[in-house]
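Reading through the structure tokens given below for one structure.
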Amino acid sequence: MIGLALKLLRDELSHYVFQNKRPTDSIQEDDIILHNIALMEGENQGDLDNKIVITLVNTEEESTLKNKGHSIKTLNGIQYKEPPVFLNLYILISATMGQDLQDAYEFALHRLSLIIQFFQAKKHFTVKNSPFTTISGDNSILQEIKSDIKLNVELYTLTFEQINHLWGSLGGKQVPFAMYKVRLVKIQEDTKIEAPVIEEIKTTEQIINNEC
């Protein structure tokens with residue numbers, strides 16, 4: 001589910017950036033990618049140059065939704081199932097720079113502006129209201145899973161100390177970026193126990209009389 005959630009955001013953002021880029025900007029829709037920005041300083045650095053890179057940097061459980069019930073009433077009785085885990089995802093969206101491009105930093109800043117504009121205009125995402133995602137036409141994904149994708153995206157501001165620690169832990173040089181908090185990603189294992197409908201309640205006295 002985490003991968004699908006981020007894929008939906010990537011697809012929608014890709015279309016927006018491509019449609020609103022500067023005429024001289026060579027970025028393509030497939031240049032907005034899900035990848036680990038920490039690899040930017042590695043041997044395959046060129047793969048992340050001149051891109052918009054979406055990286056998951058943290059997850060947390062939504063504490064306000066932890067205490068849901070374990071039982072669900074059905075037509076045939078009671079179904080016992082562990083409640084789902086609802087996650088908040090913290091994603092880092094980085095605008096990297098091409099090594100041999102003129103005005104690369106200016107292009108990166110413009111792309112960052114487009115990213116912020118996009119999420120300012122649209123904060124709530126589902127498969128139904130995201131016409132440019134490939135998830136909607138993917139028949140290998142259950143409709144129930146598609147319906148469960150309901151994301152709220154908000155800009156998350158870091159302090160200078162947090163920024164320094166973040167990029168230090170990623171092991172790379174800082175590039176123009178924005179951090180977003182994505183709420184709520186639902187994760188649930190489809191394991192359940194069926195219990196029949198209770199049709200009769202016997203008291204202790206009835207049980208003793210039946211045994212006699």
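Looking only at region 1-24, filter to residues that are outside any helix (DSSP H, G or I) and touching a helix residue (DSSP H, G or I) at 6+ places or on another chain (Cβ under 8 Å); which one of those is modelled with the lowest pLDDT?
Only one residue tops the list, namely Met1.
Yes or no, residue by residue, for (1) assigned to a loop (DSSP other than H, G, I, E, B); (2) of a type in the set (Phe, Trp, Tyr); (3) modelled with pLDDT under 90; (4) touching a helix residue (DSSP H, G or I) at 6+ places or on another chain (Cβ under 8 Å):
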position: Ile27; (1), (2), (3), (4): yes, no, no, yes
position: Ala38; (1), (2), (3), (4): no, no, no, yes
position: Thr64; (1), (2), (3), (4): no, no, yes, no
position: Ile93; (1), (2), (3), (4): no, no, no, yes
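Looking at region 40-62 only, could you name the residues that are at pLDDT below 90 and assigned to a strand (DSSP E or B)?
Matches in region 40-62: Glu61 only.
In this structure, is Ile187 at pLDDT 90 or above and of a type in the set (Val, Ile, Thr)?
no
Within region 159-176, how many residues turn out to be crowded, with 16+ Cβ neighbours inside 10 Å and either within 24 Å of Lys123 (Cβ to Cβ) or in contact (Cβ under 8 Å) with a residue 12 or more places away in the chain (or both)?
Residues in region 159-176 being crowded, with 16+ Cβ neighbours inside 10 Å and either within 24 Å of Lys123 (Cβ to Cβ) or in contact (Cβ under 8 Å) with a residue 12 or more places away in the chain (or both): 5 in total.
For Val153, all conditions in the list (1) assigned to a helix (DSSP H, G or I); (2) under 19 Å from Lys7 (Cα atoms); (3) modelled with pLDDT of 90 or more hold save one; what is the number of the exception?
(1)
Scan (1) of a type in the set (S, T, N, Q); (2) at pLDDT below 95; (3) assigned to a helix (DSSP H, G or I); (4) within 17 Å of Leu9 (Cβ to Cβ) for the single condition Gln120 breaks and write down its number.
Single failed check for Gln120: (2).
The values are calculated or read from the model by the stated rules, or taken from the named source; none is laboratory data. All of these numbers come straight from a predicted model, not from anything done at the bench. Here Cβ is always computed from backbone atoms with ideal geometry, including for glycine, and neighbour counts include all displayed protein chains.
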